[in-house]
Structures are given as structure tokens and as C-alpha cells.
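Please treat every number below as a calculation from the coordinates, not as lab data. For clarity, every value in this text was computed on a predicted model and none was experimentally measured. Cβ atoms come from the backbone with ideal geometry, glycine included; neighbour counts cover every protein chain shown.
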Protein chains: 2
Amino acid sequence: MSIEALLGGPLRVANIGLESFARDLAANGAAVAQVDWSPPALPHLDETIDAANREALARILAAEPVLTDVRRAGELIPPLDAEKLLLHAGPPLEWARMCGPMRGAVCGAIVFEGWAGDLAAAEKLAASGAVNFAPNHHFGAVGPMTGITTRSMPLLVVENRKFAGAGNAWAACTINEGLGKVMRFGGNDAEVLARLAWLRDEFGPALGRALRAVKGIPLNPLIARGLTMGDEMHQRNVACSSLLLRILAPRLAASVKALEFIGGNDQFFLNVAMAMGKSILDPARGVAGSTIVTAMARNGTDFGIRVAGQGDTWFTAPVEMPQGLYFPGFSAADANPDMGDSAILEAIGLGAFSMAAAPAVAGFVGAGGFREAVATTRAMGELAAARHPQWQIPALEFAGAPIGIDVRRVVETRIAPAINTGIAHKRAGVGQVGAGVARAPLACFDKALDAFRS
Amino acid sequence: MSIEALLGGPLRVANIGLESFARDLAANGAAVAQVDWSPPALPHLDETIDAANREALARILAAEPVLTDVRRAGELIPPLDAEKLLLHAGPPLEWARMCGPMRGAVCGAIVFEGWAGDLAAAEKLAASGAVNFAPNHHFGAVGPMTGITTRSMPLLVVENRKFAGAGNAWAACTINEGLGKVMRFGGNDAEVLARLAWLRDEFGPALGRALRAVKGIPLNPLIARGLTMGDEMHQRNVACSSLLLRILAPRLAASVKALEFIGGNDQFFLNVAMAMGKSILDPARGVAGSTIVTAMARNGTDFGIRVAGQGDTWFTAPVEMPQGLYFPGFSAADANPDMGDSAILEAIGLGAFSMAAAPAVAGFVGAGGFREAVATTRAMGELAAARHPQWQIPALEFAGAPIGIDVRRVVETRIAPAINTGIAHKRAGVGQVGAGVARAPLACFDKALDAFRS
């Protein structure tokens with residue numbers, strides 16, 4: 001049937017399965033018969049799962065994340081002080097399997113903590129087994145790209161006030177270092193370590209005082225405002241970084257350098273948003289029977305997801321290469337595979353899931369223009385179990401951000417969750433070479449759903 | 001022909017007149033025959049006008065506005081020191097015809113300058129003829145709402161560096177007072193005058209020092225960024241106010257109150273944008289034969305426009321009532337007619353002309369949602385002779401803001417330029433009661449076009 005013939009009369013459609021297709025058609029005046037259908041895999045389980053997902057989503061949507069403080073990592077996470085422990089992005093990973101920039105960051109952090117005198121000695125130490133490695137996610141933290149967290153680093157603290165007093169009352173993330181040579185992209189030279197020292201000795205404590213002075217900054221309204229200002233909080237944080245500075249500037253007035261540091265970094269808010277993401281999803285961990293994703297994270301080697309009803313189990317698969325645009329002088333041949341805990345943002349409906357709010361990002365990551373940005377959010381909406389009631393996207397007539405990835409929807413649609421990401425050079429010490437869109441491997445979701453069958 | 005039949009085959013269209021309709025159709029794959037046609041009124045003139053408009057637009061699009069300084073009004077505009085002169089928004093207006101909030105602001109300013117001891121004495125003085133009134137526009141300035149400018153007020157200075165050394169090298173505007181009781185909405189009590197004194201004595205000089213220290217802030221890139229962040233720079237300046245603060249905060253660190261003042265005012269940037277608007281359009285004043293609008297301004301009684309080819313002549317008509325939404329406790333019965341020099345923003349393609357960049361504003365002014373915001377920009381695009389090459393609107397696939405109102409297009413289409421505006425209470429001293437959309441009276445444009453015939 002030609003498209004002309006199809007459009008020659010009013011549409012009459014029988015839609016099988018995904019209801020949202022029918023809703024879209026109906027909204028455009030077509031006559032739609034909805035045929036309820038779902039894949040035959042889990043017929044006896046689906047009702048239980050639906051109820052569990054409602055509970056998980058209720059917890060997620062009830063979150064009241066507040067940026068409250070900056071604290072020394074070792075103080076917040078005592079094992080960091082008790083042993084030579086180094087936290088990294090993504091699921092668990094031993095030294096032997098670490099990619100180039102991850103190793104670079106590890107060695108830099110070892111020198112930064114004084115466990116070795118130089119990078120060569122640090123590498124020997126790391127390979128010797130004398131340093132313990134663990135995911136940030138195992139200790140209430142997240143980190144962008146390599147995501148290295150060690151004891152003396154200052155961590156942003158986000159409290160989920162709805163669940164104050166519960167076990168998962170806070171989440172933490174390092175402070176964004178800015179652009180150029182930075183540890184999150186595998187940088188480890190003197191410039192990188194000097195900046196980390198300044199963050200540790202001056203900026204972190206000053207930011208902590210400022211946050212305590214304003215009694216914390218509620219993040220739900222800030223995200224809601226940011227979505228009306230072109231941010232998706234993963235590859236674009238211009239608005240939220242600026243709004244945060246507006247609130248804090250009077251309390252940071254004693255440090256011109258602190259004002260310049262925040263003012264000079266469009267991505268300053270990224271790490272706040274990441275800690276917020278974990279603080280929102282953690283209360284859903286352990287909701288028995290729920291197929292809602294509570295974490296997506298990559299370590300440059302493996303991609304891992306956690307699912308509410310499967311507690312702290314990681315479902316992993318080899319990580320993929322991001323598709324994107326490269327800075328002048330670099331190409332895909334230079335790129336490291338996908339990396340970082342920042343995919344927590346897509347798990348709360350931001351990043352690529354809210355691309356329609358940030359069409360400028362679509363261009364930045366090589367994903368087209370406004371139309372493609374809207375299409376990305378619509379596609380990701382097929383995977384999400386809810387729409388956030390406060391985080392609204394103007395270009396979708398203020399529909400809510402698609403939040404709560406249902407493993408079943410990913411398995412059913414075979415749509416891989418998209419993730420807006422920075423791209424690191426595959427060698428240690430080079431840094432960021434581009435930005436693009438990565439995909440969560442479908443195998444992670446297939447494995448997770450299998451776990452509900454067993 | 002039914003719509004179904006029309007859509008049953010490929011479109012073939014003969015388009016007469018407005019070319020943009022043909023362009024839209026062609027972009028969607030339709031075969032279009034464009035028939036050149038324009039109304040018969042000015043056949044022998046149109047070629048001359050086209051050439052003149054090209055020159056006017058070239059000047060407008062070449063503008064390089066830079067926010068450079070804050071200076072005392074009397075120093076910048078010597079007649080303010082030489083006589084009891086008070087500048088107001090809109091076209092010329094004598095005391096007898098002034099609306100309530102304009103009179104309220106005038107009396108407050110007279111007390112502020114010490115020309116009378118209280119408001120009653122100020123009113124007597126104003127009515128006696130001992131105070132001279134003139135439009136801001138006659139002295140290189142603009143002002144929002146009542147737009148009162150007097151000698152001791154600090155003025156933001158925007159220089160158009162492309163035309164440095166020319167007669168119209170700068171434009172100026174008062175500093176935005178924030179919300180609540182403010183002179184621009186007719187406020188005149190002790191709170192209003194105390195804030196003006198602080199702006200004069202502390203904030204203005206501090207801001208001037210900060211601007212000189214950073215050697216000025218180029219505004220084209222700031223506007224370009226703001227349009228990707230939900231601002232239309234008339235009723236929404238959240239992004240540009242925040243971005244401005246980011247740049248200035250390190251230089252204002254000595255004054256916590258200054259940081260709080262800017263940080264607490266989403267509309268702080270409005271007055272910067274207005275001065276910028278005048279600095280962009282002034283170089284087009286006097287381009288012989290050009291029908292491009294160089295100013296739209298309202299004084300609460302009359303609406304006036306100026307046109308490039310008609311020099312400093314005002315073409316006026318009675319001002320209309322804005323249509324909009326009212327704050328709790330107020331209604332259209334409380335509203336003052338349309339007021340302020342801020343319509344200069346629509347004359348440079350911002351405000352309602354860029355509504356598609358700021359769908360949140362559409363809701364704020366009662367003009368619908370995203371779809372209506374896009375429709376407003378498309379409609380205003382019919383009146384504009386150019387698209388700004390740098391100021392791009394993401395939701396229109398990064399098409400440029402529609403800039404340069406051609407009087408001929410307004411007369412031909414009978415589409416009245418829309419203006420996003422605050423709404424003042426009709427009585428002095430009450431303040432803002434809502435926000436809405438006002439229309440420029442078509443009579444102003446009819447009169448202006450008639451002037452080209454004579």
C-alpha cells in the first residue's frame with residue numbers, strides 16, 4: 001500500500017502491544033483498536049512484577065534529594081580510611097582487566113594519596129594486589145568516567161530527605177574537575193594532582209561551608225528549572241551549574257577563585273546530578289519482584305545494571321563503543337569504550353532520555369537536531385514505566401521526563417537505552433576526545449530478566 | 001475538495017505573495033510555483049525600499065553590542081543635569097495625558113531627586129510645567145514600563161562596537177529593580193526610593209567597576225546562548241541573568257549584597273537586553289527609504305513606532321490593553337494599558353518574536369503551550385525581513401530569530417506585532433498585577449507607510 005493511498009482516507013489501526021503507539025495515533029484523530037498483548041515469557045509473573053514496580057516507582061517519584069554538604073571521602077565511607085581502598089566507576093573490575101584511562105586514573109590517585117612516589121611505582125603497587133578495588137556503587141557513591149574515589153577526596157553529599165533515617169539516606173560524588181587534563185578522563189600529571197589538592201584543601205571545605213550555610217539546596221525544583229533551560233544534566237549542565245552558582249555565590253564571596261572555578265565550568269553540576277540520581281534510586285533497591293533498573297554503570301570494560309528486585313547483583317556484558325563527534329585531531333580510532341557511573345542519569349530519565357529538553361546536546365553528541373532529540377526521548381519513553389510529575393519537558397508540551405527503566409520493556413522492544421556520554425582517549429593521560437551516544441548492551445537486560453524466571 | 005482528496009496525491013501549489021509559505025511547502029517536498037505579487041500600493045517604490053531595507057538590515061545584523069559600563073545618567077546625558085528633565089517610556093507625552101502608574105513613577109522620581117519634599121508637592125510641581133518631560137528614546141536611552149530616568153540614576157551602558165565613533169555608539173538603560181514595589185510599575189514609596197538610593201550609591205558603582213574590570217561583556221554570544229536556554233529576553237531572562245552573574249561574580253565578590261541582588265532577580269538582564277536593542281537598531285535610523293522599524297515603545301497612553309527611513313518621527317496610535325494572566329487577587333479590571341520601551345526587544349526579534357525559544361513564557365503570559373509558542377514565532381516571522389544568523393532557536397531546528405520588522409509586511413498581512421509584557425495596576429503605587437501579550441496597533445504601521453507615499 002502506497003503512503004498516498006494510506007493517507008487517502010481516515011486511518012484505522014489495530015495496535016498490538018505497546019499502548020503508547022495507540023495513544024499517539026488516537027491523539028491524532030485515528031481510530032485505534034488496542035489489542036492487549038505482551039510477550040509470552042512471563043505470563044504468571046507479570047501481575048506480581050507490576051505491583052512491585054508500582055512500589056519501586058512510588059519510592060523513586062517520592063524522592064526529595066537535597067545537596068547538603070561536602071565531606072571528606074574517608075570520613076563518609078570509613079573503609080576508605082581503614083585500608084588501601086580505591087573506588088572506581090561501573091561494576092567490579094580487577095586491575096588486569098582495566099582499560100588505559102582507568103589505569104591512568106588509578107595510578108594518579110595512588111600518587112595523590114601518597115601510597116607511591118611516582119606513577120611507575122603506583123602501577124607496580126596496583127598490579128601487586130596491595131590495593132583493593134571496588135565499585136563506587138558498593139559504598140553509596142558514584143563517579144563520572146573513570147570515577148576514581150579515594151580517601152582524601154572531598155565528596156558532594158546529596159540526602160534524600162524523604163528517606164532520612166533509612167539505610168540509603170545519602171549518596172555522594174566527587175567534585176567535577178572541569179575540562180582539560182582531569183582524572184576522570186584518565187589524566188594523572190602534576191596539573192591534575194595539583195587541582196585535586198586544591199579541591200581537597202580549599203574548594204571542597206569552602207563549598208561545604210556554603211552548603212551548610214544555606215541549609216542545603218533542594219534539587220527537584222532545580223532539575224525542573226534546568227529542563228526548561230536546555231539541560232539534560234548529562235552532557236549539558238549549563239543552566240543548573242549557573243543556577244547553583246546564583247544560590248551559592250553570596251556564601252562563596254570570600255573566595256574569588258571558587259567563584260571563578262564554578263563559573264568557568266559548564267559541567268560543574270554533572271556530579272551533583274549523579275549523586276542525586278543514586279539518592280533517588282537507592283530506596284528502590286531490594287523491592288522484591290521489581291524489574292525497575294536502579295543503576296546502569298560502566299567501567300570501560302564491562303557494562304553493568306542493577307535491578308530493584310535483584311538487590312545488589314550486577315548483570316554485566318562487554319561495554320560498547322560510543323558513537324559520536326570527535327574534537328579536532330581525534331577520531332573513533334582514539335576512543336576508549338563507554339565508561340562511568342554517569343548512566344545513573346539515564347536511569348532517572350535525564351541525559352539521553354530527556355534529549356528533547358536539550359536539542360543543543362543532540363548536535364554536540366552527533367545525534368542530529370531538534371527532531372532527532374524529540375525522537376530519542378519518545379523512543380526512550382517506550383522503556384520507561386513512569387513520567388516524572390515535576391520534571392517537565394517544554395517541547396513535549398511539558399510532559400514529564402521518562403523515568404524508571406523497566407527491564408521487561410527493554411527485552412520486549414529490543415530498544416537499547418541510549419546514554420549521552422563523554423568519550424575518553426583509550427590511552428592514559430590524554431583526556432577527553434569527544435562526546436557521543438552509547439548504548440546499554442541488551443545482554444544485561446536479558447540476563448536480568450532471566451534472573452526473575454529462576 | 002476534501003482534505004482526504006487533497007492529501008491523496010503529491011501536493012502541487014501555486015503560491016501568491018508571501019514567499020515564506022512557498023518555502024515551507026517546498027521544504028516539505030511539495031511542488032510549488034511562486035507567483036511574485038505585492039499589494040498595488042507602492043509599486044514604483046518597492047525596489048527602492050528593498051535596497052534601503054537591505055542596507056538597514058546589514059547595519060542591524062552587523063551590530064556588536066557590548067555591555068561596558070554603568071554611568072550616572074546626568075553624566076551620560078548632560079541635559080539631565082542642566083535642567084529639571086525627566087525621561088519616560090514611549091513616545092512624547094505631557095503630564096495631563098499620563099496614566100496612573102506613569103504619574104506615580106514621575107512623582108516618586110521627583111522626590112528621589114529632591115525637587116519636592118513629598119509626593120503631593122511632587123504632583124503639584126509636575127502639573128505646574130516646571131518639570132520637562134521627554135522620551136528616553138530622544139536621549140539614547142530606554143526604560144521598562146514607566147521607564148523613568150532622572151539625573152542621579154545609574155545607567156547600564158551598551159556600546160555597539162561595530163559603530164564605535166559614530167553618532168549612535170552607545171545606548172543606556174536603568175538597572176532592573178527586581179520584583180515587588182518598584183518604580184517601573186508606578187511604585188514610589190520609601191521602600192522604592194531606598195532601593196533606588198542603594199542602586200545609585202553602591203550597586204551601580206560596583207557593577208560599573210566589575211564591567212570595566214572584565215573589559216565589557218559581548219552580548220551577541222550571550223543572547224545566542226540564552227535562546228538555547230529558554231529565554232526570550234523580555235518576560236524571561238533567567239538564563240542570561242544567571243550567565244551574566246557567572247561572569248561578574250568574581251568581580252563583585254566584595255559585595256555579598258550585590259551578589260544576592262542579581263542572584264535574586266530573574267529579570268535582571270531585561271534592562272541590559274533593552275539597551276542592547278537600542279544599540280542594535282539606532283545605526284539603522286535615517287537609512288533613507290527603509291521601512292524597517294527602529295523602535296516600538298509605549299507610554300501607557302500612546303503606542304509609537306519609528307521607522308528607519310523616517311528618521312526620528314513617531315507614528316502613534318492609542319495603546320491597547322494586554323491580554324494575559326493576572327496574579328491572585330487581580331483581574332483585567334485592574335490593568336493599565338500597555339507600557340514601556342521594552343518592545344524594542346520584539347523589534348530585534350526577541351520577546352514574543354522568539355516565543356518558540358521560551359515555551360515556558362507562553363504559559364506565563366497566558367498564550368498556551370509549546371505549539372502556540374512555535375506558532376507565535378512563525379506568525380511574527382511573516383513580519384520580519386531577516387533571520388539572525390547567530391541567534392538560533394533550537395525548537396525551530398536552529399533557525400534564526402525573526403529580526404527587522406518591515407512596515408510593509410505588517411500593513412500587507414494585517415498581523416499586529418505581538419509583545420510579551422508585564423501588566424501594571426492602573427493606579428499609582430500598586431505595582432505589577434500580571435503578564436500577557438500586547439499588540440502593536442496597526443494604525444501606527446499604516447501611518448508610517450503613508451509617510452513613504454507622500
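Among A:L85, A:L155, B:L86, B:L252, a tally of other beta-carbon atoms within 10 Å of each Cβ gives an order, fewest to most, of A:L85, B:L86, B:L252, A:L155. Across peptide A:230-236, the mean count of Cβ atoms from other chains lying within 10 Å of each residue's own Cβ comes to 2.
Under 5 Å from the amide H of B:D302 lie the amide H atoms of B:V319, each residue being 5 or more positions distant or on a separate chain, with H modelled from the backbone and absent for Pro and chain starts. Remark: relative contact order (the range A:222-376) = 23 percent; criterion is Cα-Cα distance under 8 angstrom and separation of 6 or more residues.
Packing, taken as the mean count of other beta carbons within 10 Å per residue, orders the peptides A:327-340, A:55-68 from highest to lowest as A:55-68, A:327-340.
Amide H to amide H under 5 Å from A:R387: which residues, 5+ apart in sequence or cross-chain, H placed 1.01 Å off N in plane? Distant-sequence amide H within range of A:R387: A:I403. Taking the fewest neighbouring Cβ atoms within 10 Å as the starting point, the ordered list for A:R306, B:R209, A:R72 is B:R209, A:R72, A:R306. As a proxy for reagent exposure, ranking A:H425, B:H88 by other Cβ atoms within 10 Å from fewest up yields A:H425, B:H88.
Seen from B:V70, the other residues with C-beta closer than 12 Å to its C-beta sum to a net charge of +2, counting Lys and Arg as +1 and Asp and Glu as -1.
Using only side-chain charges placed at the Cβ, +1 for Lys and Arg and -1 for Asp and Glu, the dipole size of chain A relative to its Cα centre rounds to 680 debye. Is the C-alpha gyration tensor of the range B:236-370 telling us rounded, prolate or oblate? Criteria: a/c under 1.5 is rounded; beyond that, a/b larger than b/c is prolate, otherwise oblate. It is oblate, given that a/c is not under 1.5 and a/b is not larger than b/c. Projecting the Cα atoms of B:L80, B:V214, B:M102 onto the dipole axis of the range B:65-275, where Lys and Arg carry +1 and Asp and Glu carry -1 at the beta carbon, places B:V214 farthest toward the positive end. Taking every residue in B:251-260 and counting other chain Cβ atoms within 10 Å of its Cβ, the average works out to 5. Among the GluC sites (Glu not before Pro) within the range B:72-105, those in coil by DSSP and having at most 15 neighbouring Cβ atoms inside 10 Å are B:E83, B:E94. Counting DSSP beta bridges with both partners in the range A:66-220, what percentage is antiparallel, nearest 5? DSSP beta bridges in the range A:66-220 are roughly 70 percent antiparallel.
Each residue of the range A:116-124 in turn: what ³J(HN,Hα) in whole Hz from Karplus with 6.51, -1.76, 1.60 and θ = phi - 60°, glycine and Pro shown as x? Those phi angles translate into 8, x, 8, 5, 5, 5, 5, 5, 4 Hz. Proximity of backbone amide H atoms, modeled 1.01 Å from N, is registered between B:V433 and B:I423, B:A424, B:H425 at under 5 Å, excluding neighbours fewer than 5 places apart on the same chain. Couplings 3J(HN,Hα) for the range A:257-271, derived from phi with the Karplus relation 6.51 cos²θ - 1.76 cosθ + 1.60 (θ = phi - 60°), are 5, 5, 5, 5, 5, 5, x, x, 10, 4, 9, 3, 6, 3, 5 Hz, where x marks Gly and Pro. Here the protein assembly as shown was treated as a single set of alpha-carbon atoms; its pair distances binned every 10 Å from 0 give 2, 12, 19, 21, 18, 14, 9, 3, 0, 0 percent. Across the range B:52-58, rounded Karplus estimates of 3J(HN,Hα) from the backbone phi angles (6.51 cos²θ - 1.76 cosθ + 1.60, θ = phi - 60°) give 5, 5, 4, 5, 4, 5, 4 Hz, Gly and Pro being marked x. If you plug the beta carbon distance of A:W198 and B:D81 into 1/(1 + (r/R0)^6) with R0 = 51 Å, you get a FRET efficiency near 0.55. Projected label points at B:S128 and A:R378, each 7 Å from Cα along the beta carbon direction, are separated by 7.0 nanometres. Counting only Cβ charges, +1 for Lys and Arg and -1 for Asp and Glu, the dipole size of the range B:65-275 around its Cα centre is about 540 debye.
Legend: mean number of C-beta atoms from other chains within 10 angstrom of residue C-beta atoms, peptide A:389-396, equals 3. Shown is the FRET efficiency for B:E64 and A:D50, computed with R0 = 41 Å from the Cβ-Cβ distance and rounded to the nearest 0.05: 0.10.
Relative contact order of the range A:66-220, taken over Cα pairs closer than 8 Å and 6 or more residues apart, is 37 percent. For B:E191 and B:F398, what does the FRET efficiency come to when R0 = 30 Å and r is the distance between their Cβ atoms, rounded to the nearest 0.05? That gives a FRET efficiency of 0.10. Each Lys or Arg adds one and each Asp or Glu subtracts one; over the other residues with Cβ under 14 Å from the Cβ of B:A210, this totals +4.
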